[in-house]
Amino acid sequence: MNHPLSHSPVIPPSTTGDWMHDRLTEARGVLADTTQHPDSLVILAARVVIGQTNDAVECGDALELLRLLDRRPLHAIAAAAFPKGGAA
């Protein structure tokens with residue numbers, strides 16, 4: 001059973017209504033200040049940016065950061081980042 005919250009949510013609801021754009025914006029914020037976040041969150045943010053951005057340079061930068069932080073071989077990282085082989 002769900003009860004109404006007695007307090008406001010920690011994360012405010014989306015003001016734009018575009019959930020994916022909001023997640024991409026959050027991920028960009030994490031990547032902009034990686035020293036303040038745990039590696040696991042930076043890895044997740046890099047994956048979001050890789051999967052959602054239309055900017056090839058931003059995608060390449062996020063992939064390079066992911067390669068530095070993720071201990072798996074590069075082909076495994078790329079396969080996880082591009083599950084359809086890069087096809088849309």
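Just name the residue that is farthest from W19 (Cα to Cα) out of those in the range 35-74 that are assigned to a loop (DSSP other than H, G, I, E, B) and polar (S, T, N, Q).
N54
Cβ-Cβ under 7 Å, sequence separation 6+ or interchain: first residue in the range 68-88 and surrounded by 10 or more Cβ atoms within 10 Å (Cβ to Cβ), partner modelled with pLDDT under 75. Which pairs?
Hits for this filter: D70/I77.
The values are calculated or read from the model by the stated rules, or taken from the named source; none is laboratory data. The structure presented is a predicted model; accordingly, all values stated were derived computationally and were not measured. Cβ atoms come from the backbone with ideal geometry, glycine included; neighbour counts cover every protein chain shown.
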